[in-house]
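Visitor: Below is a structure I'd like to ask you about.
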Amino acid sequence: MVAMSRCALLTLLLAIASVVQAQDAVRMSLASADAAEARRTAASTIGYYNLKIGPTAWRFGAGLGLQYNSNVELNEESPEGDVILTPEINAQMLWPVTDKNSLTLGLGVGYSAYIIHPELSRFYITPGSELSFDIYSGDFWINLHDRFSISENSYQDPTVTGNGDYSQLQNALGVAATWDLNKVLVRGGYDHVNYQTISGGAGQPNGQSELMSASAGYAFQPGMLAGIELGGGLLNYTGTNVTFTSAKQWNAGVFLDTPVSEYLHFRGSVGYTEYIPDTSGTTNSTSDFTGLYGEIDLQHRVNRFLDYTLSAGHNITFAFYGGAVELTYARLLANWKIMQKTSIGTTLEYDHGTQGIFSPETFNRYGASISLSRTITAKSTGSLGYQFYWRTSNLAGRDYSDNIVSLNYRYSF
């Protein structure tokens, strides 16, 4: 089904990956808390920024990329390549409202200019762009946020094929809270998310969702946290090409977050999830999607030359365009520091999914990448990268392979 084949994934699995195009109720909240903590520790001091404007501090950067993509339309029969220029600017802002509360802004905006296929050219907003306000009061940490992005590359979504300009705006407005009770850590979150197709949607409907989550963990020993996690979502779809107009989702499970050693950290979760489409008032006959979900995340610093992250999981996740995707995935990301001033990053990834209702598709997608990044000056870096994707499907015309070579230069003012 076309509507299902071009859905944007809403998965916890991709929370670590750079580009995720999706979130589910529970993992969205946990990822938000982790992102906020990383943001607070890495960029919460004035010394991190290079420009002072009134009570605010700013940090600016710019980049220019040159990319060759061998299959911009993700087409099996007649793949076409193109050269793409990607100028980009980045800005970060910190406003320490009080000694404990701060307002931050992160924004990355760019433009993909296609030389051979100019009709595919488009603006994008990088994932991680957000306006965020952190409040610390007693045992509570509260984060108010508005997170937004516009997808740049169709190959970032393993369900998309035969489409080179698939672009979607995602905007999540919400709140996350953490209550630290020494041995007990309670978290909760709510987000209102809008999904707006900008290009390449082929008449696909837009959507919105209300996502809620909660978790409670107990620290059995320093650094070890185990507990339960709950989540739910209400989804609505608008447009003419919809299988059904609304759906419900809920999940419940347990998690464990603990250091295994000084250099090894483990997080895992397992539980049950259900996705229930509402087909009342329609002629469509659809069934619920139910089953187990689970994920593991292993972070290991082997030595000063190598560290890696291994993540894998399985879940049933709801999609924005009237369906669901059952997805199994694995990711291995490694950072190699074997050359002075040069870092090497490698990635291996695998996705196995089943999607669709009337014409179910089962697909496999394999990916690999390598990148070399070198410091040129104190404020500038250059990188060279290569990515490869190979997708197979049980449906005709939905296989493809894609090679991407990129050269990037970044400067921090």
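Visitor: Are any residues in the range 48-70 in a loop (DSSP other than H, G, I, E, B) and at pLDDT 95 or above, and if so, which ones?
Guide: Within the range 48-70, the first condition is being in a loop (DSSP other than H, G, I, E, B), and the residues that meet it are 49-50, 54-55, 70.
Ser70, the sole residue that qualifies.
Visitor: Now for a separate question. So, in the range 373-388, of the ones that are more than 30 Å from Thr161 (Cβ to Cβ) and open to solvent by less than 90 Å² (accessible area, probe 1.4 Å), which residue ends up farthest from the chain's Cα centre (by Cα)? I'd like the intermediate steps shown before the answer.
Guide: Initial filter on the range 373-388 (more than 30 Å from Thr161 (Cβ to Cβ)): 373-382.
When the remaining residues are screened for being open to solvent by less than 90 Å² (accessible area, probe 1.4 Å), the result is 373, 375, 377, 380-382.
On the way: Ser373: 22, Thr375: 27, Thr377: 30, Ser380: 26, Thr381: 24, Gly382: 24 Å.
Checked the range 373-388; the qualifying residue farthest from the chain's Cα centre (by Cα) is Thr377.
Visitor: OK, next. Could you check the range 245-298 and list, in sequence order, the residues that are modelled with pLDDT under 95, hydrophobic (A, V, I, L, M, F, W, C) and in contact with a His (Cβ under 8 Å, 6 or more places away or on another chain)?
Guide: Leu292 - this is the single residue of the range 245-298 that is modelled with pLDDT under 95, hydrophobic (A, V, I, L, M, F, W, C) and in contact with a His (Cβ under 8 Å, 6 or more places away or on another chain).
Visitor: Can I ask one more? Out of the residues in the range 51-77 that are open to solvent by less than 50 Å² (accessible area, probe 1.4 Å) and among the hydrophobic types (A, V, I, L, M, F, W, C), state the one that is nearest to Tyr389 (Cα to Cα). So that I can check it myself, show each step before the final result.
Guide: Here is the first cut: in the range 51-77, the residues open to solvent by less than 50 Å² (accessible area, probe 1.4 Å) are 56-57, 61-63, 65, 67, 69-72, 74.
With among the hydrophobic types (A, V, I, L, M, F, W, C) added as a condition, the list becomes 57, 62, 72, 74.
Working: Ala57: 41, Ala62: 28, Val72: 12, Leu74: 10 Å.
So the residue we want is Leu74.
Visitor: All but one of (1) in contact (Cβ under 8 Å) with a residue 40 or more places away in the chain; (2) under 21 Å from the mean Cα position of the chain (by Cα) hold for Asn408, so report the exception by its number.
Guide: (2)
Visitor: Something else about it: Output the residues belonging to the range 105-124 that are under 16 Å from Tyr49 (Cβ atoms) and either of a type in the set (S, T, N, Q) or open to solvent by 50 Å² or more (accessible area, probe 1.4 Å) (or both).
Guide: Answer for the range 105-124, where residues must be under 16 Å from Tyr49 (Cβ atoms) and either of a type in the set (S, T, N, Q) or open to solvent by 50 Å² or more (accessible area, probe 1.4 Å) (or both): just Leu107.
Visitor: For the range 92-104, name all the residues that are open to solvent by less than 50 Å² (accessible area, probe 1.4 Å), among the hydrophobic types (A, V, I, L, M, F, W, C) and either within 22 Å of Ser137 (Cβ to Cβ) or without any contact (Cβ under 8 Å) to a residue 24 or more places away in the chain (or both). Reasoning before the result, please.
Guide: Narrowing the range 92-104 to residues open to solvent by less than 50 Å² (accessible area, probe 1.4 Å): 93-94, 101-104.
Within this subset, residues satisfying the condition of being among the hydrophobic types (A, V, I, L, M, F, W, C) are 93-94, 103.
Answer for the range 92-104, where residues must be open to solvent by less than 50 Å² (accessible area, probe 1.4 Å), among the hydrophobic types (A, V, I, L, M, F, W, C) and either within 22 Å of Ser137 (Cβ to Cβ) or without any contact (Cβ under 8 Å) to a residue 24 or more places away in the chain (or both): Leu94, Leu103.
Visitor: When the residues of the range 132-150 are filtered to those that are under 30 Å from Leu181 (Cβ atoms) and under 17 Å from the mean Cα position of the chain (by Cα), which remaining residue is surrounded by the fewest Cβ atoms within 10 Å (Cβ to Cβ)? Break it down into steps so the answer makes sense when it comes.
Guide: First, the residues of the range 132-150 that are under 30 Å from Leu181 (Cβ atoms): 132-147.
Still in the list and also under 17 Å from the mean Cα position of the chain (by Cα): 145-147.
Working: His145: 21, Asp146: 16, Arg147: 22.
In this case the residue turns out to be Asp146.
Visitor: Could you list, ordered by first residue, the pairs with Cβ atoms under 9 Å in which the first is in the range 113-131 and over 15 Å from Tyr166 (Cβ atoms) and the second is open to solvent by 80 Å² or more (accessible area, probe 1.4 Å) and modelled with pLDDT of 90 or more, at least 6 apart or interchain?
Guide: Sorted first by the residue in the range 113-131, then by its partner, the pairs are Ile116/Glu80.
Visitor: Oh, and also: For Gln208, indicate whether it is surrounded by fewer than 18 Cβ atoms within 10 Å (Cβ to Cβ), polar (S, T, N, Q) and touching a residue at least 24 places away in the same chain (Cβ under 8 Å). Lay out the reasoning, then the answer.
Guide: Values: surrounded by fewer than 18 Cβ atoms within 10 Å (Cβ to Cβ): yes; polar (S, T, N, Q): yes; touching a residue at least 24 places away in the same chain (Cβ under 8 Å): yes.
For Gln208, the condition - surrounded by fewer than 18 Cβ atoms within 10 Å (Cβ to Cβ), polar (S, T, N, Q) and touching a residue at least 24 places away in the same chain (Cβ under 8 Å) - is met.
Visitor: Of a type in the set (Phe, Trp, Tyr) and at pLDDT 90 or above: does that describe Tyr111? Break it down into steps so the answer makes sense when it comes.
Guide: On the way: of a type in the set (Phe, Trp, Tyr): yes; at pLDDT 90 or above: yes.
Judged against the criteria, Tyr111 is a match.
Visitor: Take Gly203 and decide whether it is surrounded by 15 or more Cβ atoms within 10 Å (Cβ to Cβ), within 30 Å of Asp82 (Cβ to Cβ), at pLDDT below 85 and not β-branched (Val, Ile, Thr).
Guide: On the way: surrounded by 15 or more Cβ atoms within 10 Å (Cβ to Cβ): no; within 30 Å of Asp82 (Cβ to Cβ): yes; at pLDDT below 85: yes; not β-branched (Val, Ile, Thr): yes.
No.
Visitor: Continuing with this model, one more query. Considering only residues that are open to solvent by 40 Å² or more (accessible area, probe 1.4 Å), of a type in the set (Phe, Trp, Tyr) and assigned to a strand (DSSP E or B), which ones fall in the range 389-413?
Guide: Selection gives Trp390, Tyr409, Tyr411.
The values are calculated or read from the model by the stated rules, or taken from the named source; none is laboratory data. Since this is a predicted model, take the numbers as computed values, not measurements. Positions of Cβ are backbone-derived with ideal geometry, glycine not excepted, and every protein chain shown enters the neighbour counts. With ligands, DNA and RNA removed, areas are computed over all heavy atoms of the protein, side chains included. Shrake-Rupley method; radii C 1.70, N 1.55, O 1.52, S 1.80 Å.
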